[in-house]
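Below you'll find the structure, written out as C-alpha cells, and then a few comments.
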Amino acid sequence: MSAHLYGAPNGAVCTLPERFERKYYLAPMETGLALGLLRHVCLPAREYPSEQVNSLYFDTVDLDQHERSSSGDYLKDKVRIRWYGEDGHLAGMQNVFLELKRRRGFAGTKQRVRFQVPAENLGPSALARGILPVPVLMERLAKLGYFPSGLLLPVARISYWRYRFEDILTEQRVALDCRIRSTMVMPEPGNGEHGLELPGAVLEIKGRSMELPPALRGARLLHTDWTRFSKYSACIDAHGERPGSVGRLSPSGMVVQP
C-alpha cells in the first residue's frame, strides 16, 4: 500500500506496525551536509522521494498534547490532518488523512484515515474550521479507540519540505525535513505571525529496532545526537516567545542562529 493511500476508498484506515523513531535536530550549517550524506549512503524512496508535507494539529484548549510532549511523558498522543502539495497548487478535491499517532516510550504506532475535501478547506482562512466537521473528527477518533480529555480544536498548521530515503541494507525509512514553517490557528498562544520558520532541519529514522543502520552511523559526523524533538511542540513554544528573544526559534536547551 502506498505511503499516501491515494488508491484507497474514502474512509479507508491504514494502521502502521509498531516502530521506533529517532530524531536528530540539525543546525542550518549541517543541513546540506546531511542531505549529501543521505544521497550517498541511502536510496531515494521509491514513492514520493521529495514533496511538501502539511499538517493541521489538533489539541485541547489547554494544549494537553503539547504539554505531554514537552514534559517527556511516557504516554503521548497526537492528532493531525495531513495533506501533501505546495500552497497555490491545490485545486478540486484533495486527499487528506486524519492521523492518530500514539507513542509509548520509544515505540509508536500510527493510524490514518483517508478523506476527500474541497481544496478551499485547506486555505489559510478555512483552517480554523478544522478541515473536517467536528462530529466526523470525533466519531472517527472514537472508532480508532481514542477518547481525548476534552474537545479537540485546530491549533497550528505546520509545513515542511521532506526528502525521503531508504537504508540499503535494513530498508529502514529515513527522512530529512527542511524549511519547517508554522502558523497558529488557535488565537493563543502566539503573536499572529504566519509562516514562522524554524532554522535547521530534522533527520528522522524509523524502523523495527533502536539500532541505527551501519550506513547511517555517519550521522555522528554531524555533531548531533538523538533527541525527542517535536515539530509541533517546538513551533508552539516559538510562537509563545517574544519576537527577537534569544533562542526563540531553537530547540529546548540550544541556541541556534538561523
| message | Just to be sure I understand, how many residues within the range 103-129 are surrounded by fewer than 18 Cβ atoms within 10 Å (Cβ to Cβ) and part of a strand (DSSP E or B)? | response | 6
| task | Would you check if Ser69 is hydroxyl-bearing (Ser, Thr, Tyr), buried (at least 18 other Cβ atoms within 10 Å of the Cβ) and at pLDDT 95 or above? | result | no
| Which of the residues that make up the range 20-67 are part of a helix (DSSP H, G or I) and among the small types (Gly, Ala, Ser)? | Gly32, Ala34, Gly36
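Every residue, every condition in (1) part of a strand (DSSP E or B); (2) surrounded by fewer than 18 Cβ atoms within 10 Å (Cβ to Cβ), yes or no:
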position: Ile131; (1), (2): no, no
position: Trp161; (1), (2): yes, yes
position: Arg164; (1), (2): yes, no
position: Asp177; (1), (2): yes, no
position: Ser182; (1), (2): yes, no
position: Pro187; (1), (2): no, yes
position: Val202; (1), (2): yes, no
position: Ile205; (1), (2): yes, no
position: Leu212; (1), (2): no, no
| Is it the case that some residue within the range 113-134 is within 25 Å of Gly207 (Cβ to Cβ) and either more than 17 Å from the chain's Cα centre (by Cα) or not acidic (Asp, Glu) (or both)? | yes
| request: Please state which of the following conditions Gln172 fails to meet, knowing it meets all the rest: (1) of a type in the set (S, T, N, Q); (2) surrounded by fewer than 20 Cβ atoms within 10 Å (Cβ to Cβ); (3) touching a residue at least 12 places away in the same chain (Cβ under 8 Å). | output: (2)
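This table checks each residue for (1) in contact (Cβ under 8 Å) with a residue 12 or more places away in the chain; (2) over 28 Å from Met138 (Cβ atoms).
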position: Thr31; (1), (2): yes, yes
position: Ala34; (1), (2): yes, yes
position: Leu38; (1), (2): yes, yes
position: Val41; (1), (2): yes, yes
position: Arg46; (1), (2): yes, yes
position: Ser55; (1), (2): yes, no
position: Asp64; (1), (2): yes, no
position: Ser71; (1), (2): no, no
position: Gly85; (1), (2): yes, no
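The values are calculated or read from the model by the stated rules, or taken from the named source; none is laboratory data. Everything numeric in this text was worked out from a predicted model, so none of it was measured. Ideal geometry is used to build each Cβ from the backbone, glycine not excepted, and the neighbour counts take in all protein chains shown.
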